[in-house]
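Let me begin by presenting the structure, written as structure tokens, before commenting on it.
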Amino acid sequence: MSYLSISHVTKQFGNTVVVDDFNLEIEKGEFVSFLGPSGCGKTTTLRMVAGFEIPTSGKILLDGADITDKAPNQRNVGMIFQSYALFPNMTVAQNIAFGLSVRKESREMITQRVDEMINLINLEKHATKYPYQLSGGQQQRVSLARALAIHPQVLLLDEPLSALDAKIRVSLRAEIRAIQKKLGITAIFVTHDQEEALSISDRIVVMNVGVMEQVGTPFEVYNFPTTVFSANFVGSLNNASAEVVNPASGFISIDGVQFESAVDLTQRKSGDKVRVAIRPERLSFASEQKKANVVDATIENITFLGSVVRIRVKIGGTKFNMDTFNNPFLDLPKIGAVEQITCSREAVLVLDE
Amino acid sequence: MMPSPVSTAVAVKPSATRKRLGSWLIFSAVSLYFLIPLGATFYWSLRGQKDVLGFEAYRKLFADTNFLPAFSESIVNAVATIFISLLIVVPTAYWVTLRLPKLRPVVEFITLLPFVIPGIVLVFGIIRLYSRPPLLLTATYDSSRILLICVYVALSFPYMFRSVDNGLRAIDVRTLTEAAQSLGANWTTILFKVIFPNLRVALLSGALLTFAIVIGELTIALYMAQHTLGPYMANLTRSKVYEPSAMAIVAFAITWAAMGIIDFVGRGSSKHLQMADTE
Ligand SMILES: Nc1ncnc2c1ncn2[C@@H]1O[C@H](COP(=O)(O)OP(=O)(O)OP(=O)(O)O)[C@@H](O)[C@H]1O
Ligand SMILES: [Mg+2]
């Protein structure tokens, strides 16, 4: 049995169902991200694990024990908030010691653990400072240390990096991941930033208005989205409605232009409406020897995005984005030119309409 | 004609000086408005002895066997009022902020009632209600005193609630509470280790305002036949010439001392709260 088990959890506020039949098994030491747009119920789900909300129905088991109705202060769960939530009247060291003194640990043990935690987050010089004397990134590290000091069974992080600027966000997320791995702690990380989720998670739960859309490793979620929503939400994506032409050979047609997909279409019939999704980086200019999925495209627009150049093309009546890595010797076509464009059969994802 | 940059710079200066002068004038006028009566009272209080300025009136005041008992009775009443008021207002305001934010306007309105109802109306209402069974509290001096303190508690609500509410708004009560809970703290620990320390300044200012009201209150104490400072002072005014002025100066000094304490403690401990707040 898994370490943390959330089974058939539903949460209603009044008549609104905010989380609907949520099921997730998390292994010990795993780092799982909840990814989804604003208002989809990520925080609510996390708060049910923390004990700040009680599920309307369903069960939450932690290490075999039913914690569904347990008070938050009986759970041994660490929580990190977007706003840091450090106690303003306490120094860094006192903040970190708070959970331990609440547990009536011995003075020596507290001093030792606090030192250990301060070393872990590299804030040795700031132990006697008050929260207002620290930068946002430093405050969030203190709040991490404070949560970890009590050796929680699960660490819950609710958009811990959202209030920080881009550089700190990237370095702190790496730090969080490194500490989590080092301590082998089980963690749930809430974010609406797909890059963040992809870069630090063992698994991602893609959520959409109260329901789980897809659960998988970052690799799976990015490369093999199972629903239109998760395909769109994770990474950028071209998608178009299409029609199945020949289920057996994987032929579909987007607006009259024929594509071949590696996806198994044998469950569908010829003439079925489907949704086709192709990642921009999977499209490229066709070289001579390519045969499958070579189509004519009109170049509409070219945008530099730094390391990537995004080319907007029109295939048949449908517009697609095509991403190619930037380099100084790149031979870009003229706007208005017609070029041959291709993608592999595997790149053509077929999802339910 | 467009003014040159130089002429603008020159033009700004005198107007700024004029503005400063204006502010000083207003400040001086207002100060005089306060200081002249105060100075006159002080001067009057020093004339207790014929033809010499001195502290005779103060000496007589403190020598009066009724003064110190009335004074200490008022202080005890004030401390009791503050204590009860804090115990009622802080948990209420905390809970409203945390769990019932929709009720805030209602609670705010209720706490404002003492402002709306004149003291004289309040006291007659209270005497009518509590002077017959089943709620007979005006029968003895001590039970009347308990009743008086209860009324003072109600009178303190507007000040106490406002101070505490401001203090609570300056910190993120909900998140701090949840952070403490997830670290294993129970309600008592949260209130005493997290909420109270972060409200220190707010609690103090509420307490000292309450103190000032209770020390100076006349109407209700008078009609409830209580021997506190207010009725004592009123009586003094009727029978003596210089002592009432001395009394007024003493009361004034106490109030100012109270304000000074708020300011001093406020400066020391609110710094990190304010800075955390502005971030
Ligand atoms: N206490 C509550 N009472 C009523 N509705 C609530 C309550 N808490 C949350 N909701 C509603 O539940 C829905 C999900 O909220 P939740 O905070 O879980 O979203 P989220 O995925 O964390 O969004 P965000 O990315 O904006 O933080 C929202 O529509 C919100 O309005
Ligand atoms: Mg949220």
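Observations, loosely collected:
- Single residue of the stretch B:190-241 satisfying the filter (among the hydrophobic types (A, V, I, L, M, F, W, C) and part of a loop (DSSP other than H, G, I, E, B)) that is nearest to the other protein chains (Cβ to nearest Cβ): B:199
- Filtered by the rule that a residue be closer than 24 Å to residue B:176 by Cα and not in a strand (DSSP E or B), the stretch A:1-39 gives A:38, A:39.
- Candidate set from the stretch A:70-114 (those that are over 15 Å from residue A:143 (Cα atoms) and within 7 Å of another protein chain (Cβ to nearest Cβ)); member that is least open to solvent (accessible area, probe 1.4 Å): A:72
- Within the stretch B:212-229, residues that are in contact (Cβ under 8 Å) with a residue 60 or more places away in the chain and open to solvent by 10 Å² or more (accessible area, probe 1.4 Å) have Cβ atoms under 8 Å from residues that are outside any helix (DSSP H, G or I) and polar (S, T, N, Q) in these pairs: B:217/B:228; B:224/B:138; B:227/B:66, counting only partners at least 6 apart in sequence or on another chain.
- The C-beta contact set for the stretch A:33-50 (first residue within 14 Å of another protein chain (Cβ to nearest Cβ), second residue within 9 Å of ligand 2 (Cβ to nearest atom), distance under 6 angstrom, 6+ apart or interchain) comprises A:43/A:158; A:46/A:158; A:46/A:190.
- Positions within the stretch A:61-91 being touching a strand residue (DSSP E or B) at 6+ places or on another chain (Cβ under 8 Å) and β-branched (Val, Ile, Thr), in sequence order: A:67, A:68, A:77, A:80
- Subset of the stretch A:25-50 (residues that are away from ligand 2 (no atom under 13 Å from the Cβ) and open to solvent by 10 Å² or more (accessible area, probe 1.4 Å)): A:25, A:27, A:28, A:29, A:30
- Flag if residue A:148 is touching a residue at least 40 places away in the same chain (Cβ under 8 Å), away from ligand 1 (no atom under 16 Å from the Cβ) and in the same structural domain as residue A:73 (by TED's automatic domain parsing): yes
The values are calculated or read from the model by the stated rules, or taken from the named source; none is laboratory data. Everything numeric in this text was worked out from a predicted model, so none of it was measured. Cβ sites come from the backbone with ideal geometry, for glycine too, and all protein chains shown count toward neighbours. Surface areas here come from the heavy atoms of the whole protein model, side chains and all, with no ligands, DNA or RNA. Shrake-Rupley method; radii C 1.70, N 1.55, O 1.52, S 1.80 Å.
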